[in-house]
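Right, one structure below, let's go through it.
The values are calculated or read from the model by the stated rules, or taken from the named source; none is laboratory data. None of the values given here were measured: they were computed from a predicted structure. Cβ: placed from backbone, ideal geometry, glycine included. Neighbour counts: every protein chain shown.
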Protein chains: 2
Amino acid sequence: MDALNLPDPKNKARVVVIGGGFAGLNFVNKLDTDNYQVVLLDRHNYHTFAPLLYQVATAGLEAPDICGPLRKTFRSKQDFHFRMLVVHGIDPAAGHVSTEAGTIRYDHLVLATGTRANFFGNDSIEHHAFPLKTVPDARRLRNHIFQTLERADLTDDPAERERLMTFIIVGGGPSGVEVAGALSELRKHVLSKDYPDTPIDRLRFVLVEGGDQLLSAFSDKSSDDARRNLEDMGIELHFGQLITGYDGRTATFKDGSTIASGTVIWGAGVTGEVVVGLRDDSVRRGQYVVDDRLRVAGYENVYALGDVAYLTSDAWPKGHPGVAQVAIQMGKRLAENLNRAAAGKQPEAFEYFDKGNLAIIGRNRAVADLPKNIHFNGIPAWFVWAFVHIFYLIGFRNRVFTFLSWTGNYITYNRAVRLVLEPSLEEELRSEKVS
Amino acid sequence: MDALNLPDPKNKARVVVIGGGFAGLNFVNKLDTDNYQVVLLDRHNYHTFAPLLYQVATAGLEAPDICGPLRKTFRSKQDFHFRMLVVHGIDPAAGHVSTEAGTIRYDHLVLATGTRANFFGNDSIEHHAFPLKTVPDARRLRNHIFQTLERADLTDDPAERERLMTFIIVGGGPSGVEVAGALSELRKHVLSKDYPDTPIDRLRFVLVEGGDQLLSAFSDKSSDDARRNLEDMGIELHFGQLITGYDGRTATFKDGSTIASGTVIWGAGVTGEVVVGLRDDSVRRGQYVVDDRLRVAGYENVYALGDVAYLTSDAWPKGHPGVAQVAIQMGKRLAENLNRAAAGKQPEAFEYFDKGNLAIIGRNRAVADLPKNIHFNGIPAWFVWAFVHIFYLIGFRNRVFTFLSWTGNYITYNRAVRLVLEPSLEEELRSEKVS
C-alpha cells in the first residue's frame, strides 16, 4: 500500500496523470492498463466539456449537461485509480508528486493541467471581472447575470438601472463572441418576456477587442461573418480598445473613456496552469516546452499535453492552437507511444490533424473554417460543431442522448436553468459546515 | 409609480404575496387579476418542488428538475409583478411591507412563507448538521456527501475512513426515511462501482428517531412497512434516541453514547418562517393563527397559508398537517374567496380534502395511506405519488415531459449529477465579485 490509499502497482509501471480535461481523459482512455497502472489526479471529480461553458453561463444548459463524472467514465477500466485533490508540486529527482493528501511515486508523469484565466497582473479586473474557465465560473456568472437583472427590476433609480443593464465582454476570440451571441439570444427569447416592468430593449452588451477584428485565428471571411452577425444581433463592438481597470461599478479604457457597468466578463487571456518543481528552462511563458514525442524538455519520463504544452512544428511555428482537438490528439498519441514502448516498439512523433475551426454565434448563426478553404455558417455549422464534438467526446455514457438533450435545450430554451441557485456568500458563511 | 419599480394599481386593490411555495403559487395562479394587482415577493426567483429535495441531495435529480422559474410560470398573467428580495417586516397599521429594497403598500397581504429547519436552540447541531429545506441546502449536502467520500478514498488512516463513511440521519419522518432510503440506493447502484479502492460495503447509514416508530403520521401498517424496508436496505435504526450535540466530528446522544461521523443530516424539526410586525397574539409557536377564511387573528386583510398557518378544525384539532396538499388547497380557497368578494359574493370556509400520505423509500419501495383505509406500497406507490404531485403542480410548462424526466432519471441514475460542483468556501471568498 502506497500513500493516498493506492494499491501497489506490483510489476507494472505507474503513470500519474494530473488533469482530467480533454488531454488527460483521452490519454487514460487509450492507455493499456495491462502494462501500466494509471492514477488520475484532479481537483474536480468531473470532466468539463469546456467549449459549452458559455451555454451554462447564459442559462442555455445546466452544468451536468456538460460534465462527465470521471469515476463513472472509467468505471470498467482495470487498475485505474482516481483521486480528487489539489497537487502541490513535482519532485522529478525523487520521482514524486506532492499533494494536499500526501506524496506519491510515479514512473511516468503526464501533465495535462490546462489553462487558467490570465488578467495580466491587473488586480482590479481580476477581483471584479468574471472569467469563464470552469463550471463554478460559469455558474457564478449565470447567478450574477440573473441577480443583476433582478436588481435592475427593483430599483427606482434610472441611472443605477442603466448601469446594471450594461454588460461588458472583454475579448473578441471564440469565447467572447459566443458569450455575446448567447446573451443577445437570451435577451430576445427569454428576458423580454420575463421582465415586463423593465425596459429589456435597453439592455446593452458591449464587446471590447484590442485588435481590429473578431476571431483572429479564423479566416477573414469568418471574422467578417462574425462581426456582421453580432452587429445584427445588437452587440456594440469596440475595436482597438483595451480595458485598464474595473472597480465593480465603472470600467476604464486605455483611451480614458469609461462605461458604468455591473458586469465585466473576461474572455481575453489564458495562461498555462504550470505545476511547480520542474527545471526553469522547461517552461516558456506558462507552458511546458515539449518535443514531438511530447516529453518535457530535460526529462525522459515527464510529458505535457494540450493547452499546457508548447510544441512547435513546421505548420505551427508559434505552437499549436489551444483547442480541444490538439489536446485529444496529443492524449491519444502519448498513450499509443507508451503502449508501443511496452510492446518493445518505437514511439511515433505527434502530428496534428487540423479539423478546422467553428464558433457559435447564435441559434442560426455559426461560422466554420474547414481545411481546404471551405467556410460555412448558420444552422448546419451548429449541428456539425455539436456532432464533431460529441463524436470525439468520451465520458458520456450515451452520446446520442447527450446530443439530443443539447440540441433540444439549445433550440427550445425549455429548461428551468435561469435560476439563481447558489447560496449567497453570506448564506454560505452562515451555514459553513466543518467536519 | 410606487417603490420597487411597481406600476400604480389604479382602481384595483393590490395583493402582496410573500413566498412562492405551493401556497403562494396556487394562490397567484387562481387569483383573477382583472380585479386585483398581484405582487409576489420571494428571496429566490424559483418555486421549489420541496418533496423531491432529498433526490437532489442524493444525486438522483439535478436542481432544475425540481425548480420552476417564477417569472416564466406567470409570464402570461396580466398585472402580475414578481420581485426577488428579502422582506424585513410588516406594518399592518400603515398597510406596508418593508423590504431590503424599499417599502410597498398593500390592500391585502398573503403570508405564505413556509417553514425553516428548527434546531431547538442547539447551536452545535445548527452549525455542523445539514438541513434539507431549500435547494441550496440540498446541493450543499450533495457536495458534502461526495467530498466526504473522496476524502475517505484518499486517507490512509482506517479510523478516519470509518468516521467519514458514517452518516447520521436525524428524524424518522418522511424526510429522514426518504433520505435514508435514497442513500442506501446510491450505495448499492453507484458508489459500489465508483469507488473500487474503498470498502463501500462498510458505509454506515444510521437513522436516529426520538419516538418508537418511523412515519408517525402514517398508519401503523405503513410505519411497519417503512421500518422493515429500511432494515432490509441496511439502514441502522435507533429508536428512542435523541442527538444532543455534534461538533463536526462526533455526535453525542441523550444516553451518553457517541458516534464518530463526518455527516449529520437534520430532518427532525421545522418551525414557521414568521415575518415580524403582527400582534403577538396572532402567532402561536411559530405559526399564524388563522380562522376558516384563512385570515390571521386580529386582521381583516392579512392572511396566512400553508405551513405557516395554524388552523384547527373538527378533523384536525391540533392543526392541519404540514404537507403540500394543504398549502395548495389553502392557496386556491383564498384566491377564490377574493375573486368572490370582487363579484359581491360571500367567502366560503376552507375545508381540507385529505388525499392521503405517501413516502418513497426506494425505487421499488414506497408506502402509501389513502383515505378509506387503503394502503399500498412498492412501484405502484411511486408512480401514483409522482403522478398526483405532477397533476397538482403548476409552473412547469410541460407536465408530461417533467414526469418522464423524473421517472427516467429515477430509474436509470443516468444523470451526471454526482458532481462536486460548488466552489469551496475558500474559492468563493477568493473570487467574490462586488458590484
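Remarks
- Selection of segment B:217-227 for residues being touching a residue at least 24 places away in the same chain (Cβ under 8 Å) and either in a helix (DSSP H, G or I) or hydroxyl-bearing (Ser, Thr, Tyr) (or both) yields B:SER219, B:LYS221, B:SER222, B:ASP225, B:ALA226.
- Selection over segment A:313-342 of residues that are part of a loop (DSSP other than H, G, I, E, B), farther than 26 Å from A:LEU52 by Cβ and either within 22 Å of the chain's Cα centre (by Cα) or touching a residue at least 12 places away in the same chain (Cβ under 8 Å) (or both) gives a count of 3.
- Meets criteria (free of Cβ contacts under 8 Å to residues at least 24 places away in the same chain and within 9 Å of chain A (Cβ to nearest Cβ)) for B:PRO131: no
- Some residue of segment B:20-31 being over 28 Å from the mean Cα position of the chain (by Cα) and assigned by TED's automatic domain parsing to the domain that holds B:MET84: no
- When B:ARG83, B:ARG75 are checked against the criterion of being in contact with a helix residue (DSSP H, G or I) (Cβ under 7 Å, 6 or more places away or on another chain) and surrounded by fewer than 17 Cβ atoms within 10 Å (Cβ to Cβ), B:ARG75 stands alone in meeting it.
- Residue within segment B:46-67 that is surrounded by 17 or more Cβ atoms within 10 Å (Cβ to Cβ) and over 30 Å from B:VAL190 (Cβ atoms) present: no
- Any chance A:LEU214 is touching a Leu at 6+ places or on another chain (Cβ under 9 Å), touching a residue at least 24 places away in the same chain (Cβ under 8 Å), assigned by TED's automatic domain parsing to the domain that holds A:GLY322 and under 26 Å from A:HIS320 (Cβ atoms): no
- The set of residues in segment B:51-72 that are more than 10 Å from chain A (Cβ to nearest Cβ) and either among the charged types (D, E, K, R) or assigned to a helix (DSSP H, G or I) (or both) comprises B:PRO51, B:LEU52, B:LEU53, B:TYR54, B:GLN55, B:VAL56, B:ALA57.
- For B:LEU370, the conditions (1) surrounded by fewer than 17 Cβ atoms within 10 Å (Cβ to Cβ); (2) modelled with pLDDT under 80; (3) in contact with a helix residue (DSSP H, G or I) (Cβ under 8 Å, 6 or more places away or on another chain) all hold with the exception of (3).
- Identity of the residue in segment A:110-153, part of a strand (DSSP E or B) and of a type outside the set (D, E, K, R), that ends up farthest from A:SER261 (Cα to Cα): A:VAL110
- Condition met for A:ARG293 (under 22 Å from A:PHE27 (Cα atoms) and either within 14 Å of chain B (Cβ to nearest Cβ) or of a type in the set (Lys, Arg) (or both)): yes
- Long-range neighbours under 7 Å by Cβ, at least six apart or interchain, first residue under 12 Å from A:VAL38 (Cβ atoms) within segment A:2-25, second of a type in the set (Lys, Arg): A:ARG14/A:ARG105
- Some residue of segment A:76-96 being at the interface with another protein chain (Cβ under 8 Å from one of its Cβ atoms) and assigned to a helix (DSSP H, G or I): no
- Count of residues meeting criterion [aromatic (Phe, Trp, Tyr) and buried (at least 22 other Cβ atoms within 10 Å of the Cβ)] in segment A:298-325: 1
- Members of segment B:189-209 found to be away from chain A (no Cβ under 14 Å) and either in contact (Cβ under 8 Å) with a residue 24 or more places away in the chain or touching a helix residue (DSSP H, G or I) at 6+ places or on another chain (Cβ under 7 Å) (or both), listed by number: B:LEU203, B:ARG204, B:PHE205, B:VAL206, B:LEU207, B:VAL208, B:GLU209
- Breaking point among (1) farther than 18 Å from B:PHE22 by Cα; (2) modelled with pLDDT of 95 or more, for B:LYS332: (1)
- In segment A:188-199, residue modelled with the lowest pLDDT [restricted to those that are surrounded by 19 or more Cβ atoms within 10 Å (Cβ to Cβ) and assigned to a helix (DSSP H, G or I)]: A:VAL190
- Counted as qualifying within segment B:228-297 are the strands (runs of 3 or more DSSP E) with 1 or more residues that are among the hydroxyl-bearing types (Ser, Thr, Tyr) and surrounded by 22 or more Cβ atoms within 10 Å (Cβ to Cβ), namely B:243-246, B:263-266, B:287-289.
- Single match in B:PHE22, B:PHE27 (criterion: modelled with pLDDT under 95 and either on the phi > 0 side of the Ramachandran plot or buried (at least 20 other Cβ atoms within 10 Å of the Cβ) (or both)): B:PHE22
- Search result, residues across segment A:163-177 that are part of a helix (DSSP H, G or I) and in contact with a strand residue (DSSP E or B) (Cβ under 7 Å, 6 or more places away or on another chain): A:ARG163, A:PRO174, A:GLY176, A:VAL177
- Any chance B:ASP212 is assigned to a helix (DSSP H, G or I), away from chain A (no Cβ under 14 Å), of a type outside the set (Lys, Arg) and surrounded by fewer than 17 Cβ atoms within 10 Å (Cβ to Cβ): no
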